[in-house]
1. So what are the three principal axis dimensions of the stretch 59-119 from its Cα atoms, in whole Å, longest to shortest?
2. How high is the relative contact order of the stretch 1-89, in percent, counting Cα pairs under 8 Å that sit 6 or more residues apart?
3. Sorted from largest down, what three extents in whole angstroms do the Cα atoms of the chain have along their principal axes?
4. Taking only the C-alpha atoms, wrap a convex hull around the stretch 1-66 and report its volume per residue in Å³ as a whole number.
5. Hey, rough spin-label estimate for Lys37 and Lys87, points 7 angstrom out along Cα→Cβ, what's it come to in nanometres?
6. Looking at the stretch 28-81, I'd like the Rg to Rh ratio, where Rg is from alpha-carbon atoms and Rh is Kirkwood's inverse mean 1/r.
7. In Å², and per residue, what accessible area does the stretch 7-119 have when probed at 1.4 Å with the other protein chains present?
Amino acid sequence: MAKIKKGDLVQVISGASQTRGGDRGKQGKVLEVLVEKNRVVVEGVNFVTKHERVGQTQRGTRTGGIETVEAPIHISNVALVDPDTKKPTRVGHRVETKTTDGVTKTVRVRYAKKSGKDL
């Protein structure tokens, strides 16, 4: 089971510090999870410049040029942020039984390990 999912708020915990032009300490939302490569794309983190070939659309508008896009970052370099304390935290799973409309189901729930609260 994945500890980090699309839409989670994460913080970069390794790399060059913000004072040296790096991304360590920045927080952002996960835009995409690349499971097979163990990488995540985080909003506003790890920008790279991408050169796109100049072309034209059917309407005649020009496309392409130099763009800045978010590049993937390794999943071990980010930590999930606890929504209460706004600090990075470790995540665990526990199995709970929930009853809804007379139907009992076993569900895996994510929780913050340091504070012990549900995410």
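1. Principal-axis extents of the stretch 59-119 (Cα, largest first): 60, 32, 20 Å.
2. Relative contact order, the stretch 1-89: 27 percent.
3. 60, 41, 26
4. 149
5. Taking the simple label geometry, Lys37 and Lys87 are separated by 3.3 nm.
6. Reported Rg/Rh (Cα atoms, Kirkwood Rh): 1.15.
7. Values: 8020 Å² over 113 residues.
Accessible area per residue: 71 Å².
The values are calculated or read from the model by the stated rules, or taken from the named source; none is laboratory data. From a predicted model like this one, the values you see are computed outputs, not experimental measurements. Neighbour counts are summed over all protein chains in view; Cβ atoms, including those assigned to glycine, are modelled from backbone coordinates with ideal geometry. Ligands, DNA and RNA are stripped out before the accessible areas are found, and what is left, the full protein with its side chains, is counted by its heavy atoms. Shrake-Rupley method; radii C 1.70, N 1.55, O 1.52, S 1.80 Å.
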